[in-house]
Structures are given as structure tokens and as C-alpha cells.
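Trainee: Structure in C-alpha cells, see below.
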Amino acid sequence: MHSDEELGSFIRLLTLSKKEGNILELGTGTGMSLSWILDGLDPNGKVTSIENDPDCLDVARSFFAKDHRVSFVQEDAKTWIKKNSTLQFDLIFADTWAGKFSCLNKTLEMVKPGGFYIVDDLNQQENWPEGHQDKVLSLVETLKNKNQFFVLQIDLGSGIMILCRKPL
Ligand SMILES: C[S@@+](CC[C@H](N)C(=O)[O-])C[C@H]1O[C@@H](n2cnc3c(N)ncnc32)[C@H](O)[C@@H]1O
């Protein structure tokens, strides 16, 4: 379930555009997308990565625990978002349920002016459970109508949408 090379490379590029960027990743997995983020992140930047599965986090930590720019949080992403909704980020990669299909507005409020919000896995996949396609279509429509953002849907990797908060 890790992010593919095209998406990783795109996220690295966006991260690189943010000097001393403050990045949030929802859903660390084993750290594949995190490796792309870190590759583009300023030496004085930071990334907070949220994951509820300790086994996944162990793998990610085995690669990046010594990188002072990374803070790993083992917690349910929904709980974390609710507790931290006043924080502001330059880029949010929402790669788990919360921040995408739940807590969407709270997560979008955490994007700084000029900052990015990215979701992937929008192209239909054979292994999706019944009803998931409708959820994705609804998410895409909702995101397209977020007027505080410039919105772009791109057929890249598994299908992504990128939102950039309009400057104040
Ligand atoms: C698509 S994977 C993340 C992949 C990773 N971002 C990458 O591209 O390499 C989604 C991750 O979200 C985690 N997850 C699922 N439910 C969660 C929750 N409620 N809170 C935090 N993490 C969760 C899963 O354990 C899984 O590792």
C-alpha cells in the first residue's frame, strides 16, 4: 500500500518548494512516502508522521529515527487531528482514512496559505470494497468545491488531487 515512485517524486518536488517546511503525513506505513518527503525537506524543516500500527512504525523508525527532522506519532489519526487542529502545515499528505474520508475540514484548516494538501488512490481499483467508489467520487466532488483552494486532479500514480490554499 505504499506510494509509488511518481507520487513520491511529486511530493518531494512540492516539499522542496517549502523553505524550512513544516510537513504532516497521515499514515506513515513503513516510511516509503516519508523517504521522498525527507529527500526534499530543508535541513531546518520538520515532518510529523502519524501511524497507529506499531509494526509499521518500527520499520519506519529503523530507517529514520536518527533524522532530527522527523517526529513519529503512534496514535489514531482521527484522535490526533482533533487534538491538534490549530497547528498549521506547509504540506499535508493525507494517506489514511482520517484526513480524507473523515475529519476532512479540520485537516484542510491546518493547511497554511500557499500550502498544499495531497490525496492519492483516487483511480478505481479492482480490490476496492463495495461502496468505496462512491466515497471516492464524493470526496473528489467535495474537494473540487473547496473555494479557499486552487484544486487540481492529476492522473498520476494511483490518481491524485492536490489543493493549494489561496493566499490571504
Ligand atoms: C496507505 S498506507 C500509508 C502508506 C505510506 N504513506 C506510504 O506511502 O509509504 C496507510 C497507513 O495508515 C495506517 N492507518 C490505518 N488506520 C489508521 C488510523 N486510524 N490512524 C493512523 N494510521 C492509520 C495503516 O496502518 C497504514 O500503514
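Just so you know, all these numbers are worked out from the coordinates, no wet-lab data involved. Just so we're clear, the structure is a prediction, and the values are computed from it rather than from any experiment. We place every Cβ from the backbone using ideal geometry, glycine too, and count neighbours over all the protein chains shown.
Trainee: Suppose the Debye formula is applied to equal point scatterers at every Cα of the chain; what is log10 I(q)/I(0) at q = 0.11, 0.13, 0.14 Å⁻¹?
Mentor: Each listed q corresponds, in turn, to -0.41, -0.58, -0.68.
Trainee: Can you show me the helix-derived [θ] at 222 nm for the chain, built from DSSP H runs with n ≥ 4 at -39,500 (n - 2.57) apiece and divided by the number of residues, rounded to the nearest 500.
Mentor: Numbers: 6 runs with 58 residues, N = 168.
Computed ellipticity for the chain at 222 nm equals -10000 deg cm²/dmol.
Trainee: Given a cut-off of 32 Å, name the pairs among K66/K144; K46/K78; K66/K135 whose C-alpha atoms lie farther apart than that in the structure shown. Kindly include the intermediate steps, with their values, before the conclusion.
Mentor: On the way: K66/K144 39 Å; K46/K78 21 Å; K66/K135 38 Å.
Over 32 Å apart, Cα to Cα: K66/K144; K66/K135.
Trainee: Sticking with this one: Could you please rank L139, L168, placing first whichever residue has the fewest other Cβ atoms within 10 Å of its Cβ?
Mentor: On the way: L139 16, L168 7.
Lowest count first: L168, L139.
Trainee: Ok, one more. W97 versus E126, label points 7 Å from Cα toward the beta carbon: distance in nm?
Mentor: About 2.6 nm separates the two model spin labels.
Trainee: Then there is this: Which number do you get for Rg(Cα) / (2.2 N^0.38 Å) in the range 20-104?
Mentor: On the way: Rg = 11.9 Å, N = 85, 2.2 N^0.38 = 11.9 Å.
That works out to 1.00 for the range 20-104.
Trainee: What list do you get for K83, K135 if you sort them by fewest beta carbons within 10 Å?
Mentor: Numbers: K83 10, K135 14.
By the 10 Å Cβ count, ascending, the order reads K83, K135.
Trainee: Roughly speaking, what % of Cα-Cα pairs in the range 79-120 are separated by over 17 Å, rounded to a whole number?
Mentor: Values: 158 of 861 pairs.
Everything past 17 Å amounts to 18 percent.
Trainee: Turning to a different aspect of this structure: With the chain treated as a Gaussian network of Cα nodes joined by springs under 10 Å, which of L34, L16, L137 yields the largest mean-square fluctuation?
Mentor: Between L34, L16, L137, it is L137 that shows the largest mean-square fluctuation.
Trainee: Further question: In a Gaussian network model over the chain where Cα atoms closer than 10 Å are linked, find which of E126, E109, E51 has the largest mean-square fluctuation.
Mentor: E126
Trainee: Moving to a separate point now. Within 12 Å, Cβ to Cβ, of S85, how many net charges do the neighbouring residues add up to if Lys/Arg are +1 and Asp/Glu are -1?
Mentor: On the way: positive: K78, K82, K83, K106; negative: E109.
My count for the surroundings of S85 gives +3.
Trainee: Neighbouring Cβ atoms within 10 Å as the yardstick, rank W128, W97 fewest first.
Mentor: On the way: W128 12, W97 15.
Arranged by neighbour count, lowest to highest, W128, W97 become W128, W97.
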